[in-house]
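Take a look at the structure below.
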Amino acid sequence: MRTREPFIKIAQRIYYRPKIGRLTPVERDAYFCSLCVAGETNRDGDFSLFTVTRLTGTDVDDLQGLIPSLWEPTPDEDIFTVHDWLDWNLSAEEREYRTFIYSMNGAKGGRPAKTQDGETNPEPNSFRDETNLDSKLKADGKQNESKTKAELRIKKKELRIKKKNQETNNNNNNLLRARARGKPKTTETTLPADWQPTENHEQKCLQLGISLSEAVEVFRDWAGDEKTSARWNQTFATGLNRWIPQEILKRHEARDAAAKLSRVMCPLPDDWIPNGQGENLAIQAGIRDITSAVQAFRDWTKAKAVLSADWDAQWRTALRWLPDAVNRGRGRNPADELDKAAAELTALLETRATQPAGRGTETGHRDDNPPSLLPVDPQTISPPETPQNNNNHNTQDFSEPPF
């Protein structure tokens, strides 16, 4: 009884027996060619004898010595199998399962099962018996092998699915552990006394058109000694986006309402200056020198002894005549000029009252433009000695206050 000679690995999936050294060069080339063809085509070790003869340029008769020892015939006359190909190219699990199938099918010459002591059956199968076994299996049909391959594929697929499920479970467990641990707790404190806003907060206040100092004051009043937070900068930014501008507006409205209630009629304060709106209106009205305009306004209020509860409103009203008075640089007392203009206008009206009806000029026609009852510029009018020749009454100047 001949024992099986072991294969020797010469490539990734190519093995050969030591007895190949006793082959002829033609047989050796044909054997190596069969190994290469079987390794490139499938995992069963099958190859076409026609392909081997065509690649090596040999005849079938020259290769008959390889068939009993190294090749196994199949039901197809042209197809052969490299001996023990599956045993050497299958994994240990696949070989064990293949042996189990052989034993279950009652095949003579199946791989020996291990005894309880872990020793191998002392009666190994012969090389001829193994060759006959594979031949009989192929002769009976490839149904069992197909079934074996299908079961192996299913088993591998199940292993992959099991491994994937295990990885998924591990990931889920890690997530659950992370959630159970939770985020690190931060200590919440009251607003520190030395807390200051950042540059981003300052830019946000500029965008909203509010004062940073007022926003900080409102925020500190809101925080007080009761509110706590772990991130005061973020809390302040949230307040700027939601409620701080509205609170500042409410404070301004309350301050204006209180000031309005406390207003009384009083002279112009010595330290009064127009607000920003008043300065802008003065520039729009054409005043080039705000200081001179304020001084002229102050002189007028003192001369007239004007009393007011809202001097900003009085300034806006005076902008009707202040631009001309300031830009022309007259430098005279408005009260004296108004009194003089009023006296001249009274004399003119009395003189015209003594004229006969229907006579306005030397030609007996009415004047083109009757004198207006509004005050006129005193510089453009002199006491009329001959009122009949005085036809120009379009010299009224509104650069002085109309009162």
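The values are calculated or read from the model by the stated rules, or taken from the named source; none is laboratory data. Keep in mind that this is a model prediction, so the values were computed, not measured. Neighbour counts run over all protein chains shown; Cβ positions are idealised from the backbone, glycine included.
Considering each of Glu253, Glu214, Glu247 in turn, give the residue that is charged (D, E, K, R) and in contact with a Gly (Cβ under 9 Å, 6 or more places away or on another chain).
Exactly one of Glu253, Glu214, Glu247 is charged (D, E, K, R) and in contact with a Gly (Cβ under 9 Å, 6 or more places away or on another chain), namely Glu247.
Condition check: under 50 Å from the mean Cα position of the chain (by Cα), at pLDDT below 90 and surrounded by 12 or more Cβ atoms within 10 Å (Cβ to Cβ). Does Ala285 satisfy that?
Against the criterion (under 50 Å from the mean Cα position of the chain (by Cα), at pLDDT below 90 and surrounded by 12 or more Cβ atoms within 10 Å (Cβ to Cβ)), Ala285 qualifies.
How many residues, within the stretch 312-343, are at pLDDT 85 or above and farther than 16 Å from Ile290 by Cα?
Number of matching residues: 1.
Where in the stretch 230-319 are there helices (runs of 4 or more DSSP H), lying wholly inside it, with at least 2 residues that are in contact with a helix residue (DSSP H, G or I) (Cβ under 9 Å, 6 or more places away or on another chain) and more than 25 Å from Leu212 (Cβ to Cβ)?
Fully inside the stretch 230-319 and qualifying: 276-285, 290-304, 311-318.
How about the stretch 1-99: which helices (runs of 4 or more DSSP H) wholly inside it have at least 1 residues that are surrounded by fewer than 17 Cβ atoms within 10 Å (Cβ to Cβ) and either modelled with pLDDT of 60 or more or of a type in the set (Gly, Ala, Ser) (or both)?
Of the helices (runs of 4 or more DSSP H) lying wholly inside the stretch 1-99, those with at least 1 residues that are surrounded by fewer than 17 Cβ atoms within 10 Å (Cβ to Cβ) and either modelled with pLDDT of 60 or more or of a type in the set (Gly, Ala, Ser) (or both) span 25-41, 49-56, 66-69.
Hey, can you tell me all the residues within the stretch 210-240 that are farther than 22 Å from Thr186 by Cβ and free of Cβ contacts under 8 Å to residues at least 12 places away in the same chain?
Ser213, Glu217, Asp221 - these are the residues of the stretch 210-240 that are farther than 22 Å from Thr186 by Cβ and free of Cβ contacts under 8 Å to residues at least 12 places away in the same chain.
Could we say that Thr187 is more than 30 Å from Ala303 (Cα to Cα), surrounded by 11 or more Cβ atoms within 10 Å (Cβ to Cβ) and among the β-branched types (Val, Ile, Thr) here?
So Thr187 does not fit the description; no.
Just to be sure, is Leu152 in contact with an Asp or Glu (Cβ under 8 Å, 6 or more places away or on another chain), surrounded by 11 or more Cβ atoms within 10 Å (Cβ to Cβ) and more than 30 Å from Pro245 (Cβ to Cβ)?
yes
Limited to the stretch 150-203, what total is found for residues that are touching a residue at least 40 places away in the same chain (Cβ under 8 Å) and in a loop (DSSP other than H, G, I, E, B)?
Within the stretch 150-203, residues that are touching a residue at least 40 places away in the same chain (Cβ under 8 Å) and in a loop (DSSP other than H, G, I, E, B) number 5.
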